[in-house]
1. Among what's in the stretch A:6-34 and is out of contact with any strand residue (DSSP E or B) (no Cβ under 9 Å at 6 or more places or on another chain) and within 11 Å of another protein chain (Cβ to nearest Cβ), pick the residue that is farthest from residue A:46 (Cα to Cα).
2. In the stretch B:27-47, which residue that is within 14 Å of residue A:43 (Cβ to Cβ) and in a loop (DSSP other than H, G, I, E, B) is nearest to the other protein chains (Cβ to nearest Cβ)?
3. Counting only residues that are touching a Lys or Arg at 6+ places or on another chain (Cβ under 9 Å) and either within 14 Å of another protein chain (Cβ to nearest Cβ) or not in a helix (DSSP H, G or I) (or both), how many does the stretch B:55-76 have?
4. Pairs needed: first member in the stretch B:98-126, assigned to a helix (DSSP H, G or I); second member anywhere, surrounded by fewer than 23 Cβ atoms within 10 Å (Cβ to Cβ) and of a type in the set (D, E, K, R); C-beta distance under 7 Å; at least 6 residues apart or different chains.
5. Residue B:53 passes all but one of (1) farther than 23 Å from residue B:169 by Cβ; (2) buried (at least 23 other Cβ atoms within 10 Å of the Cβ); which number fails?
6. In the set A:73, A:13, which member is within 14 Å of the chain's Cα centre (by Cα) and either closer than 30 Å to residue B:144 by Cα or not basic (Lys, Arg) (or both)?
7. Six or more apart or on different chains, Cβ atoms under 9 Å: show the pairs whose first residue is in the stretch A:43-71 and aromatic (Phe, Trp, Tyr) and whose second is part of a helix (DSSP H, G or I).
8. Could you grab me the full set of residues in the stretch B:175-219 that are small (Gly, Ala, Ser), surrounded by 14 or more Cβ atoms within 10 Å (Cβ to Cβ) and farther than 19 Å from residue B:103 by Cβ?
Amino acid sequence: MSDKSNWKIWEVFVRSKNGLSHKHAGSLHAPDAEMALKNARDVYTRRSEGVSIWVVESEAITASSPDEKEPLFAPSDDKVYRHPTFYEIPDEVGHM
Amino acid sequence: MENANLYDYTLRLGDTALILGQRLSEWCGHGPVLEQDIALTNIALDQIGQARQFLQYAAELKGDGADEDTLAYHRDAHEFRNLLLVEQPNGHWGDTLARQFIFDTYNYFLFERLMKSKDERIASIAIKAMKEIAYHAQWSAEWIIRLGDGTQESHDKIQQSIDDVWMWSGEMLEADKLDVAMMEAGIAPDLNEIKELWLTKVSEILKIATLEMPEGTGHQRGGKKGVHSEHLGYILAEMQYLPKSYPDATW
């Protein structure tokens, strides 16, 4: 306990209501997955923010590097035809 | 007072919740890590919320213009009816956890039965509180398991904490005249039954945690009758300072 460096960092994802997807809420320290869930409940859902929590060890996440930003994301900038903005959507369809 | 017994019993429930909440709130800003600081202060707030419900009810039973604040802030130590267990000092993290585990396990079985109390008000407070208490009991048991089955150091320390707190566990499980009267009125549960459930659960968790059940049977009692350890005076001095020094203070 005194050696807090043993505690892993966990990323917390909270689903705010049924039907919505889990969203990243933040991160926290915990010694294991069960405790990470409990800590997440206390830190991120104390104002009724959630109906479901996922936790995952931060080190299990592979992230894209800021250096790769150009090759990864720039090519889609000039491909407007990928957005379905050329269609007329009937009003009855409502929000999509 | 017409309902003197019910008033005293409600005070026991309210004072125990209040003093434990006040004790736990001392951890605010001092938890070993941010996450546990928040966990413990959440529990402190739950306890104080429960205390308010019971003290509001007690004040109504007392009449005479009493309210939750006069009961919390303008009584002296000998008028408090909380268990001795909850006024014991926080000690280190393991000591606080041991006290919490002992208490939460008892509180869980107690409130499970209070939900069916013949006194509708107590039953409704218990139903509301049960969701919180079920979480507290889970949380503190998880911690006992992790510390007991953790490192050699954490194992030895939490074993010592359990041994130390054991002598304060008897009072809550032992029925006195008031407990028996309340049980016969269908308001409170049979403490012998709670004791059996408590022993089974505590020994089960301690076993998973690779800890030994203490053997000591010499228990301290008195809190339920208003006979307290010296610690309560210090708790009240801090808790009651403001309303006693400035009786008309408002926000």
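Every read-out reported here was derived from the displayed coordinates using simple, explicitly stated rules and does not represent laboratory data. Keep in mind the model is a prediction, meaning the values are calculated, not measured. Every residue, glycine as well, gets a Cβ built from its backbone with ideal geometry; the counts of neighbours run over all protein chains shown.
1. Only one residue fits best here, namely A:6.
2. Residue satisfying both the conditions and the ranking: B:33.
3. Count: 1.
4. B:105/B:201; B:123/B:116
5. (2)
6. Details: A:73 fails: within 14 Å of the chain's Cα centre (by Cα).
It is A:13.
7. A:54/A:37; A:54/A:40
8. Here is the first cut: in the stretch B:175-219, the ones small (Gly, Ala, Ser) are B:175, B:181, B:185-186, B:188, B:203, B:209, B:216, B:218.
Right, trim to surrounded by 14 or more Cβ atoms within 10 Å (Cβ to Cβ) and you get B:175, B:181, B:185, B:188, B:209.
The answer is B:181, B:185.
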